[in-house]
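See below for the structure under consideration.
The values are calculated or read from the model by the stated rules, or taken from the named source; none is laboratory data. If you're wondering where the values come from, they're calculated on a predicted model, not measured in any experiment. We place every Cβ from the backbone using ideal geometry, glycine too, and count neighbours over all the protein chains shown. Surface accessibility is based on the protein's heavy atoms, side chains included, excluding ligands, DNA and RNA. Shrake-Rupley method; radii C 1.70, N 1.55, O 1.52, S 1.80 Å.
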Amino acid sequence: MNRELTNIEKQKVIDEKTKQILSLLGIKKSFRVLNQLASTLKLYKYIFQKADSSFAKTIPDINTDDKNDRYLHDLYVGLTHNPGTPTTNTIVFKHLLMHSIAESEVVLLKSTKSGRSHLANIVKLGKEYYYFDPTLERSIFDDDTWEENQKTLCCAAIGKNDDYFKLYKPIGALPDDMNMPLKQLPDNISEDSMSKSLVNEIASLIPDYSRTGFKEQNEDYGER
């Protein structure tokens with residue numbers, strides 16, 4: 001039986017995988033909103049298209065009551081195996097964004113129909129935050145409608161007026177110290193979504209990361 005890694009060992013792997021992924025995708029800091037959006041979409045597509053849902057059934061658990069230790073473990077699992085769970089999707093997305101191009105938070109939401117908990121991200125692009133939901137996007141990606149809808153992203157760069165919020169109600173943001181209560185959401189979340197045509201025009205230029213081979217892209221998407 002393999003020995004469980006210590007937190008220090010996990011952090012070392014996390015640091016190495018973070019550098020590897022950001023380098024592989026060609027993620028670079030930019031003050032241009034379109035470049036920020038393009039890099040965010042690269043990370044977004046990478047997370048939901050490269051997910052290995054089969055691993056989700058065998059995710060190793062850890063014996064701890066400390067929520068910070070569990071968060072670190074989930075981040076480690078997400079970066080090394082990407083099982084595609086709501087937890088790993090959102091904390092890895094936030095982690096990669098925060099270590100490269102944009103501020104981000106993991107948001108706890110409740111289903112308006114079932115009352116079940118759900119997780120998504122908000123990402124600061126320019127002066128405002130926008131919602132991204134890699135887990136829901138993955139479920140659409142796995143469905144036949146992905147091809148039928150010409151590979152259109154449905155849950156990226158959305159504002160508070162989007163129909164998405166007929167499905168989910170935001171509750172708060174996960175705290176920096178996971179043993180503390182939820183944080184309030186920032187005031188500067190955009191009311192309106194970014195243009196779907198703009199988002200998908202940029203997304204169409206980004207490789208399909210579900211395929212094994214792709215070329216790095218370092219386009220400059222101009223001023224906005």
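Worth pointing out:
- Accessible area in the full protein assembly, largest first, 1.4 Å probe, for Lys127, Lys196: Lys127, Lys196
- Dipole magnitude of the chain about its Cα centre (Cβ charges: Lys, Arg +1; Asp, Glu -1), debye to nearest 20: 140 debye
- Share of carbon and sulfur in the accessible heavy-atom surface of segment 1-156 [1.4 Å probe, %]: 49 percent
- Think of segment 93-172 as a dipole: +1 on every Lys or Arg Cβ, -1 on every Asp or Glu Cβ, centred on the Cα centre; then among Leu108, Ile140, Asn121, Leu108 lies furthest on the positive end.
- The chain, accessible area per residue, ligands and nucleic acids excluded (1.4 Å, Å²): 54 Å²
- Since only Ser193, Ile59, Val92 are under comparison, the one whose Cα sits farthest along the positive direction of the charge dipole of the chain, derived from C-beta charges on Lys, Arg, Asp and Glu, is Val92.
- Dimensionless Rg/Rh of the chain - Kirkwood Rh, Rg from C-alpha atoms: 0.94
- Efficiency of FRET between Asn68 and Ser23 - r from beta-carbon atoms, R0 30 angstrom, step 0.05: 0.60
- Mean projection area, nm², convex hull over Cα of segment 86-145: 4.9 nm²
- Difference of contour (0.36 nm per residue) and Cα-Cα distance, Asp142 to Glu103: 11.2 nm
- With R₀ fixed at 41 Å, the C-beta to C-beta distance from Asn7 to Ser197 puts the FRET efficiency at about 0.40.
- Probe 1.4 Å, all protein chains present, accessible-area order of Met178, Met194, Met98, largest first: Met98, Met178, Met194
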